[in-house]
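Beneath this line is the structure, given in structure tokens, with notes to follow.
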Amino acid sequence: MGKEFRGTIADHPDFDAGSDAEALFNAMKGFGSDKEAILDLITSRSNAQRQEIRAAYKSQYGKDLIDDLKYELTGKFERLIVGLMRPPAYHDAKEIKDAIKGAGTDEKCLIEILTSRTNEQIHNLVEAYKDAYGRDLEEDVIGDTSGHFKKMLVVLLQGTREEDDVVSEDLVEQDAQDLYDAGEAQWGTDEAKFIMLLGNRSVTHLQLVFDEYQKIAEKAVEDSIKSELSGDFERLMLAVVQCIRSKPMFFARRLYKSMKGLGTADNTLIRIMVSRSEIDMLDIRECFRLRYEKSLYNMIQDDTSGDYKRTLLKLCGGDDDIAGEFFPEAAQIAYKMWETSAMTKVQLRGTVRPYQNFDPASDAQALRKAMKGFGTDEDAIIDIVAHRSNAQRQEIRQTFKSLLGRDLMADLKSELSKNLERLILGLMMTPAEFDAKMMKKAMEGAGTDEHALIEILVTRSNQEIQDMCSAYQNAYKKSLEDSIASDTSGHFKRILISLAQGAREEDPADMARASEDAQELADACNEDSGDMEDKFMSILCTRSFPHLRRVFQEFVRCSNKDIEQIIKKEMSGDVKNAMFAIVRSVKNQPSYFSDRLYKAMKGLGTDDRALIRIMVSRSEIDFFNIRKEFKETHDASLHEFIQGDTSGDYRKTLLILCGGED
């Protein structure tokens, strides 16, 4: 039985190459061209039919259709339409030629094409390149690249990966062990072993190897590649692994990165929309929605314009924000993502560590000197405060009072101002005092910062919440619960009060109970919104994170739905935001914080309160992991974002806390 068609462009039923050729000729005749007619016709024909139209056009008019389209159209719209008119192998050949000609090489284009094509597509590409340019593709790639990156590209260019039905079960464990021995288990890395295994074994075989590797290393093979390899070779091997796991998810990531942020990487966007429209665009759309919580259709709509946008939307084929259930490919990926999340033991790393030659008396004296007399030595203050752990800062506070009879916090407050003052004072507080202050700030004044309340209560441990409640009572002579109750309402208030108890279960996952919880959540989706929110709250606010990972995994199995999409679709306002934050934190807390930081800095203006809150509270816990997630998702380093979005001593302090450029 053939595989179900997963493209968005198929053969046109009443196809007539001659009449289509005539319609295109008329659309380009005279002054100006009928772009709407051109895009409507070309996007509703398959590539094979377009080749017939091209042949008919030449027979009827003695002209080359692609040359005429190039003459009549311009810019991105022209590149897109011409790309659709080329046979797939010739389109790939042109993309690779453009990637390696001239001064610089577009390594990302080489990586994308050579890691994602089948053996047959690679062979066709090599032939098309020879035919179109009279050159040998392998020789050109060798001449333009170097090192292990070059070696792996050459392996991929052979198009000799074992076919998908080839699984050597006795070799799965051995290959996983070999990969582990080649990287994690030794000083240095045996790159040749990575190249041999990842470049030749079948997709199905490698998927099993990756599962086995996870058990041996207690981390995903991607994490090992990131720590063992570097540069273009690291990017290439990561792309190979991502394509082995799921080509649609690989392309969803590439599409997202091509459109987010300032400017659009149109070459990438065009290349993927053209090359996948007849293969797996439906699966790519689903994976896009699963990973980025918005539809590909909407992102194209927001990021492009004119006839170019209309053509891309036709290739996209539909808006998934109105859908709830998964296609099989996406359901499988969602299930696997939760399984990986449940199995991976993430080593959390902060960026601020205890100072080695710590002397609280000397630091206290230095801080006093920096604030005495006319003017303040901000550099000296920043250098001490940002390079000490929180426990060391508390010793400095105490010593400052003992030695000098002064309150360090009061002195800092009088000497510093604005964001730098808020940041330095935040660092000098205990974590519980800081969280209590942030909760107070989120609720005082006219408006409430619901996002801050959610972020703090969702991401803190039971002990941290209990310590914060004590600090809040101590500082403001009122219980945190009473403040929440008077400042919020309805289901949202109940969710926050539930979280503020600091009584979340701390047990490991119980698989039988996880299945029951998942079924209860699935059944609740069919109830009215109040009952549904009650049921979600009773499970999401009380179960341990390891248990919830298994619940959300089983939810995919018993409902064929994505828990995040259900929350987005069925809930609204602050309740939706709170539930969504819990799911994101359960899945990957550093990734959740990375998104919060991105939102704090993107667009006009900076949400300094959010930026300070996260930088201060996570710098000793998992900020290194947050940085890595930021780079992975946004294709830019957090260091760059902070540098571009802040200034002066405030920026200097933030960059020290950030701890590196990635």
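Can we say Phe233 is open to solvent by 10 Å² or more (accessible area, probe 1.4 Å) and either in contact with a helix residue (DSSP H, G or I) (Cβ under 8 Å, 6 or more places away or on another chain) or among the charged types (D, E, K, R) (or both)? If you could, list the steps in order and put the result at the bottom.
On the way: open to solvent by 10 Å² or more (accessible area, probe 1.4 Å): yes; either in contact with a helix residue (DSSP H, G or I) (Cβ under 8 Å, 6 or more places away or on another chain) or among the charged types (D, E, K, R) (or both): yes.
Yes; evaluated as a whole, the condition is true for this residue.
Please count how many residues of segment 29-63 are among the hydrophobic types (A, V, I, L, M, F, W, C), modelled with pLDDT of 95 or more and either in a loop (DSSP other than H, G, I, E, B) or farther than 16 Å from Lys314 by Cβ (or both).
4
Scan segment 211-234 residue by residue and report those that are over 20 Å from Glu632 (Cα atoms) and either of a type in the set (A, V, I, L, M, F, W, C) or not in a helix (DSSP H, G or I) (or both).
Residues satisfying the conditions are Ile216, Ala217, Glu218.
Looking at Phe5, Phe15 in this structure, which one is at pLDDT 95 or above, farther than 20 Å from Arg79 by Cα, open to solvent by 40 Å² or more (accessible area, probe 1.4 Å) and in a loop (DSSP other than H, G, I, E, B)?
Values: Phe5 fails: at pLDDT 95 or above.
One residue alone meets the criteria, Phe15.
With the requirement that a residue be in contact (Cβ under 8 Å) with a residue 60 or more places away in the chain and open to solvent by 70 Å² or more (accessible area, probe 1.4 Å), what does segment 403-429 give you? I'd like the intermediate steps shown before the answer.
First, pick out the residues of segment 403-429 that are in contact (Cβ under 8 Å) with a residue 60 or more places away in the chain: 418-420, 422-424, 426-427.
Of everything in segment 403-429, those that are in contact (Cβ under 8 Å) with a residue 60 or more places away in the chain and open to solvent by 70 Å² or more (accessible area, probe 1.4 Å) turn out to be Lys418, Arg422.
From the list Arg310, Arg353, exactly one residue is under 29 Å from Gly75 (Cα atoms) and touching a residue at least 24 places away in the same chain (Cβ under 8 Å). Which is it?
Every option except Arg310 fails the conditions.
Inside segment 213-265, can you point out the residues that are within 22 Å of Arg285 (Cβ to Cβ) and aromatic (Phe, Trp, Tyr)?
Within segment 213-265, Phe250, Phe251, Tyr256 qualify.
Six or more apart or on different chains, Cβ atoms under 9 Å: show the pairs whose first residue is in segment 499-526 and under 21 Å from Leu457 (Cα atoms) and open to solvent by less than 70 Å² (accessible area, probe 1.4 Å) and whose second is part of a helix (DSSP H, G or I) and among the acidic types (Asp, Glu).
Within 9 Å, the pairs are Ala500/Glu481; Gly502/Glu464; Gly502/Asp467.
Determine which member of the set Ser559, Ser544 is open to solvent by less than 50 Å² (accessible area, probe 1.4 Å) and either free of Cβ contacts under 8 Å to residues at least 24 places away in the same chain or over 22 Å from Arg494 (Cα atoms) (or both).
Details: Ser544 fails: either free of Cβ contacts under 8 Å to residues at least 24 places away in the same chain or over 22 Å from Arg494 (Cα atoms) (or both).
Every option except Ser559 fails the conditions.
Which residue, of Leu611, Leu638, Leu654, Leu597, is of a type in the set (A, V, I, L, M), within 16 Å of the chain's Cα centre (by Cα), over 27 Å from Ala334 (Cβ atoms) and surrounded by 22 or more Cβ atoms within 10 Å (Cβ to Cβ)? Lay out the reasoning, then the answer.
On the way: Leu611 fails: within 16 Å of the chain's Cα centre (by Cα); Leu654 fails: within 16 Å of the chain's Cα centre (by Cα); Leu597 fails: over 27 Å from Ala334 (Cβ atoms).
Criteria check complete, one pass: Leu638.
Where in segment 64-168 are there helices (runs of 4 or more DSSP H), lying wholly inside it, with at least 3 residues that are free of Cβ contacts under 8 Å to residues at least 40 places away in the same chain? Even if it seems obvious, please write down each step before you answer.
Numbers: elements: 65-72, 75-85, 88-100, 107-116, 119-133, 137-144, 147-157.
Of the helices (runs of 4 or more DSSP H) lying wholly inside segment 64-168, those with at least 3 residues that are free of Cβ contacts under 8 Å to residues at least 40 places away in the same chain span 65-72, 88-100, 119-133, 137-144.
Out of all the residues in segment 27-43, which are in contact (Cβ under 8 Å) with a residue 24 or more places away in the chain and loosely packed, with under 15 Cβ neighbours inside 10 Å?
Glu36
For residues that are of a type in the set (Gly, Ala, Ser) and in contact (Cβ under 8 Å) with a residue 40 or more places away in the chain, scanning just segment 44-61, find the one that is least open to solvent (accessible area, probe 1.4 Å).
Step one: of segment 44-61, the residues of a type in the set (Gly, Ala, Ser) are 44, 46, 48, 55-56, 59.
Filter once more, keeping what is in contact (Cβ under 8 Å) with a residue 40 or more places away in the chain: 44, 46.
Details: Ser44: 43, Ser46: 4 Å².
That would be Ser46.
Every residue in segment 463-496 that is in a helix (DSSP H, G or I), open to solvent by 20 Å² or more (accessible area, probe 1.4 Å) and over 19 Å from Glu433 (Cα atoms), please.
Correct list: Ala485, Ser486, Asp487, Gly490, His491, Lys493, Arg494.
The values are calculated or read from the model by the stated rules, or taken from the named source; none is laboratory data. Here the structure is a predicted model, which means the values were calculated and not measured. Glycine gets a Cβ as well: all are built from the backbone with ideal geometry, and neighbour counts include every protein chain shown. We work out accessible area using only protein heavy atoms, side chains counted, and drop any ligands, DNA or RNA first. Shrake-Rupley method; radii C 1.70, N 1.55, O 1.52, S 1.80 Å.
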